[in-house]
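This report concerns only the one structure given below.
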Amino acid sequence: MSDDLLSRHDVLLADLDGTLYQGPSAVPGAVEAVRGAAERGVRTAYVTNNASRRPVAVAEHLAELGFDARTEDVVASSQAAAAMLADQLPAGARVLVVGAEALAVEVAERGLRVVTRAAEADAVVQGHSPETGWPQLAEATVAVRAGALWVACNLDPTLPTERGPLPGNGAMVGVVRVSTGREPQVAGKPAPALLQEAARRTGARRPLMIGDRLDTDIEGGRAADMATLLVLTGISDAAELLPAPPRHRPDYIAADLHGLTSRPEDLAPGPRPGWEVRVPEPGELVLAGSGEPVDALRALCAAHWAAGGGPVRVTGDGDASLAALRALGLEAPGSATVAGVGEQNDQTAGAHR
C-alpha cells in the first residue's frame, strides 16, 4: 500500500527479543514483514542492548531464524559505547573494559587501547559479562573515582534466563555508582545513543523504532526524536500501556509487524469505528461496542491519556467489550474491571536485548 506506515519511513530500527523472535523461534510473520520491507527499499537495522555478543554472531542467529541479516545490519550497544569513547578520547587512549571479549574488540577497532588496570585507564566501559566479578568492579571503581571517563553499554538491571531474571549490566554498573557517587554516560536504550548510531550508520532520514518494551524501545525512540511502533508480541502489554507516562507512549500500536502495512492513522491511538470509550471520571474507563481488541486498546489509550493518564480502572459494557478486555488481559478473573493498574517501575526485569 502506498499510504501505509512503511511508506513513511526509509529505515526500520528493530528490537530483537520479543519483536523479531521469542526464545528459539521467529515471531510469526516477522520474517515476512522484514523481507517485504526490503522489497520496497526499506532497510532494517537490528538494534540490541546486548554487548556480550559480536554483531557477526547476532547476524548469524537472525539468519538461522530466516531473517536476511548481515553483520553490517546489526547495531549493538557495544558499538555505540565504543563510538562514544572514540568521540571523546584521542586515538590510542587507554580504556579499562569491564565486560565480554566482544566489547573489548569493539573498543580496539575504534583505535583505543584496552587495559585491565585502573592505574592505566583514561576511561572505563562496562558491558555485561558472566565473568565480571569483584576484582574487575574494584578496578573500575578506582578508575572512575580518579576521574576516568565512564560509559555503560546499558543499564538493564536484569537479563532473562531459563532460571529467571539474573543480574544484568545495570546491576554491575550500580556497584560502581554506589562506590563512587558518579553517573555513567549510557549508550543503550532507553538512552538515545544506540539509536542515533543506527540512524547514522544506515543514513536514515525517516527512521521508525519498533519494539515490544515501553521502558527501553519506546522511551529510547522518543529520546532520539524518532517515530515509534509498539508491537504486542513481547514484554509490554495493554495493562502497562494504558497508564504509561508520556515518555513511554508510542506513536503507533500494532498486534505484530503486520501493522507495517496498515495506514498510520489506523495504528495511532485515537477513536476507532465500532468502539466507544466513556470517561465517567479521571481514572475510570467504560468500553462499549465491538471490533478488534487492538482497536479497542487504541481507543482506550487515547481517551485515558487525554484525561490525564495514571492508574486506571476499565469496565466493559456488553459481551463484545468484555471479550475484548479479556483478549487484552484487562479483565480480572470473575470481574469486568482491572483496578489500580499503574505505572510500572522502570527498574523491573529489564530485557538483555
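Any read-out appearing in this document is the output of simple, stated calculations on the displayed coordinates, not a laboratory observation. Remember, predicted model here, so these are calculated numbers, not experimental data. Positions of Cβ are generated from backbone atoms using ideal geometry, with glycine treated the same way; all protein chains shown enter the neighbour counts.
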Problem - In the range 110-149, GluC sites (Glu not before Pro) in a DSSP loop with at most 11 other beta-carbon atoms within 10 Å - result: Glu131
Practice task
Taking the Cα centre of the range 78-186 as origin, work out the dipole magnitude from +1 charges on Lys and Arg Cβ and -1 charges on Asp and Glu Cβ, in debye rounded to 20.
Solution key: 280
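Of all DSSP beta bridges in the range 179-306, what percent run antiparallel (nearest 5)?
40
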Fill in the blank from the handout: In terms of the charge dipole of the chain, which places +1 on Lys and Arg and -1 on Asp and Glu at the beta carbon, the residue among Gly309, Ala26, Val47 farthest towards the positive end is Val47
Problem - For the chain, built as a Gaussian network whose Cα springs stay under 10 Å, the top-fluctuating residue of Gly99, Gly318, Gly310 - result: Gly318
Problem - Local net charge near Ala26, Cβ-Cβ under 13 Å (Lys/Arg +1, Asp/Glu -1) - result: -4
Handout entry: Packing-based ranking, highest mean first, of 210-220, 248-258, 291-301 given that Cβ atoms within 10 Å are counted
Key = 210-220, 291-301, 248-258
Fill in the blank from the handout: Note: Ser290 to Arg206 extended length (0.36 nm per residue) minus current alpha-carbon separation gives 26.8 nm
Practice task
Determine one quarter of the surface area of the Cα convex hull of the chain, which equals its mean projected area, and express it in nm² to one decimal.
Solution key: 18.1
Problem - About the Cα centre, charge dipole magnitude for the range 269-341 (Lys/Arg +1, Asp/Glu -1 at Cβ), debye - result: 140
Handout entry: Candidates Gly41, Gly289, Gly23: whichever shows maximal mean-square fluctuation once the chain is modelled as a Gaussian network with Cα springs under 10 Å
Key = Gly23
Practice task
Can you bin the range 21-96 into rounded, prolate or oblate? Criterion: square roots of the alpha carbon gyration tensor eigenvalues sorted a ≥ b ≥ c, rounded for a/c under 1.5, prolate for a/b above b/c, oblate for the rest.
Solution key: prolate
Problem - Counted charge near Met84, where neighbours are those whose Cβ lies closer than 13 Å (Asp, Glu -1; Lys, Arg +1) - result: -1
Handout entry: Gyration tensor verdict on the range 72-132 (Cα atoms; rounded if a/c is under 1.5, prolate if a/b is larger than b/c, oblate otherwise)
Key = oblate
Practice task
Could you calculate the FRET efficiency of Val105 with Asp317 from 1/(1 + (r/R0)^6), where r is the beta carbon distance between them and R0 is 45 Å, rounded to 0.05?
Solution key: 0.20
Fill in the blank from the handout: In a Gaussian network model of the chain with springs linking alpha carbons closer than 10 Å, the residue among Gly147, Gly170, Gly127 that fluctuates most is Gly147
Practice task
Kindly provide log₁₀ I(q)/I(0) values, in the same order as q = 0.14, 0.16 Å⁻¹, from the Debye equation applied to equal alpha-carbon scatterers of the range 78-186.
Solution key: -0.47, -0.62
Fill in the blank from the handout: The relative contact order of the chain, taking Cα pairs under 8 Å that sit 6 or more residues apart, comes to a percentage of 17
Handout entry: For the range 1-88: relative contact order, % (alpha-carbon pairs under 8 angstrom, 6 or more apart)
Key = 26
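In debye to the nearest 20, how big a dipole does the chain give about its Cα centre with +1 on each Lys and Arg Cβ and -1 on each Asp and Glu Cβ? Present the calculation step by step, with values, prior to reporting the outcome.
On the way: 31 positive and 45 negative charges, 198 e Å.
For the chain, the charge dipole is close to 960 debye.
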